[in-house]
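Asker: Take a look at the following structure, please.
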Amino acid sequence: MKSLTDFLLYLLPAFALSADETNAIQSAMLDERAVYAVAVSTNRVTTISFPSALSAIDAAGVSTDPKVPGPFQLAHTRGASFFSIRALAPNASANINVRWNKRTYVFELVESNKPVLSLILEDRSTQPSVDPAPQLSPTQLLALLDKAKAFPLLKRHHPDVVSDVDFVAYGNKPSISDFNDYEIRLDEAYRFNKEDTLVFRASLKNKSAQQITYRPDSLAVRIGNRVYHQSVSDASGIIPSSAETTVYFAITGTPDGGRNELSLKNNFTVLIERLPFEPSARSEAK
């Protein structure tokens with residue numbers, strides 16, 4: 001039978017703040033409708049911080065007096081914006097209700113050998129608002145691909161059409177990602193500022209004697225640790241054996257629906273989702 005600690009962490013996956021050696025310091029948005037499950041240790045102190053002074057703390061199974069035993073021990077100074085908590089018994093659990101800014105926030109404490117050492121709570125209302133990404137139709141997205149393909153001609157003969165478009169040609173210093181039997185070379189990048197959309201021209205080179213297939217709707221770029229998936233693409237899904245093929249694709253906004261405002265000065269890594277190799281009927285016959 002699972003322990004109460006395991007049950008609580010399973011019950012509240014959206015708000016559970018499990019910790020290990022790499023994420024013992026965490027942050028979360030304040031939400032009075034959420035229950036925060038916080039792992040607390042017997043040999044470590046967990047500090048929970050609010051944006052400003054707390055109004056009140058109510059707790060069950062929690063002691064504020066070191067001389068009074070209880071499953072958990074809490075330390076808080078009146079007027080402080082934080083409190084600290086430590087478990088005093090294995091497999092202990094308790095809850096704390098904290099009153100802040102005329103709202104009540106609920107915490108479920110569970111004893112664990114992988115505690116959260118610091119939980120920093122942030123007020124959502126103080127977060128800078130993010131403009132939503134433009135809502136572009138498939139026809140509008142395909143038109144941006146066409147503009148990128150015709151960019152040299154438009155720039156020469158109809159400069160007003162591409163006046164707000166930024167452009168980078170990588171020329172003799174292309175960004176190349178090597179994936180053993182194939183590589184992806186980023187040749188050109190365009191930024192359509194009004195549409196908050198970047199269009200890329202990339203070359204996929206098959207270095208093997210076997211045809212490579214991929215999902216044509218899987219093109220994406222990675223910038224640091226974040227991946228932006230395509231909003232539209234012009235790609236065949238096939239890289240012929242010992243050959244090279246060109247693809248165009250676009251990314252619009254961010255994965256969470258905001259504007260990306262990405263600069264072409266970023267280091268982009270182009271990604272595709274490769275499909276498993278399937279032997280041809282002729283190969284199977286042999």
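Asker: Take the conditions aromatic (F, W, Y), in the same structural domain as L271 (by TED's automatic domain parsing), in contact with a strand residue (DSSP E or B) (Cβ under 9 Å, 6 or more places away or on another chain) and at pLDDT below 95 and apply them to Y170. Does it pass?
Answerer: Details: aromatic (F, W, Y): yes; in the same structural domain as L271 (by TED's automatic domain parsing): yes; in contact with a strand residue (DSSP E or B) (Cβ under 9 Å, 6 or more places away or on another chain): yes; at pLDDT below 95: yes.
The answer is yes for Y170.
Asker: Report the residue count in the range 61-108 for those that are in contact with a Gly (Cβ under 8 Å, 6 or more places away or on another chain), surrounded by fewer than 17 Cβ atoms within 10 Å (Cβ to Cβ) and either among the β-branched types (V, I, T) or at positive phi (or both).
Answerer: Of the residues in the range 61-108, 1 are in contact with a Gly (Cβ under 8 Å, 6 or more places away or on another chain), surrounded by fewer than 17 Cβ atoms within 10 Å (Cβ to Cβ) and either among the β-branched types (V, I, T) or at positive phi (or both).
Asker: Same structure, new question: Restricting attention to the range 55-83, and to residues there that are within 20 Å of A34 (Cα to Cα) and of a type in the set (S, T, N, Q), which single residue is farthest from the chain's Cα centre (by Cα)? Full working, then the answer.
Answerer: Within the range 55-83, the first condition is being within 20 Å of A34 (Cα to Cα), and the residues that meet it are 55-60, 81-83.
When the remaining residues are screened for being of a type in the set (S, T, N, Q), the result is 55, 81.
Details: S55: 34, S81: 29 Å.
This residue is S55.
Asker: While we're here: Return the residues of the range 120-163 that are without any contact (Cβ under 8 Å) to a residue 24 or more places away in the chain, charged (D, E, K, R) and either in contact with a Gly (Cβ under 7 Å, 6 or more places away or on another chain) or under 28 Å from P255 (Cα atoms) (or both); say none if nothing qualifies.
Answerer: The one that is without any contact (Cβ under 8 Å) to a residue 24 or more places away in the chain, charged (D, E, K, R) and either in contact with a Gly (Cβ under 7 Å, 6 or more places away or on another chain) or under 28 Å from P255 (Cα atoms) (or both): D146.
Asker: Return yes or no: is N43 modelled with pLDDT of 90 or more, touching a Gly at 6+ places or on another chain (Cβ under 9 Å) and under 22 Å from S112 (Cβ atoms)?
Answerer: Spelling it out, it is not the case that N43 is modelled with pLDDT of 90 or more, touching a Gly at 6+ places or on another chain (Cβ under 9 Å) and under 22 Å from S112 (Cβ atoms).
Asker: If I go through the range 109-120 residue by residue, how many of them are surrounded by 20 or more Cβ atoms within 10 Å (Cβ to Cβ) and under 20 Å from S49 (Cβ atoms)?
Answerer: Pass one, the range 109-120, residues surrounded by 20 or more Cβ atoms within 10 Å (Cβ to Cβ): 109-112, 115-116, 119.
Still in the list and also under 20 Å from S49 (Cβ atoms): 109-110, 112, 115-116, 119.
So the count comes out to 6.
Asker: Before we move on, is I239 aliphatic (A, V, I, L, M) and under 25 Å from N180 (Cβ atoms)?
Answerer: yes
Asker: Check T77, T64 and return the single one that is under 21 Å from S112 (Cα atoms) and either modelled with pLDDT under 90 or in the same structural domain as E111 (by TED's automatic domain parsing) (or both). Give the steps one after another, and end with the answer.
Answerer: Values: T77 fails: under 21 Å from S112 (Cα atoms).
Going through T77, T64 in turn, the sole match is T64.
Asker: Between L117, L88, which is hydrophobic (A, V, I, L, M, F, W, C), under 22 Å from N23 (Cβ atoms) and in contact (Cβ under 8 Å) with a residue 40 or more places away in the chain?
Answerer: Answer to the selection: L117.
The values are calculated or read from the model by the stated rules, or taken from the named source; none is laboratory data. Model, not experiment: these values are computed from the prediction. Please note: Cβ atoms are built from the backbone with ideal geometry, for glycine as well, and neighbour counts cover all protein chains shown.
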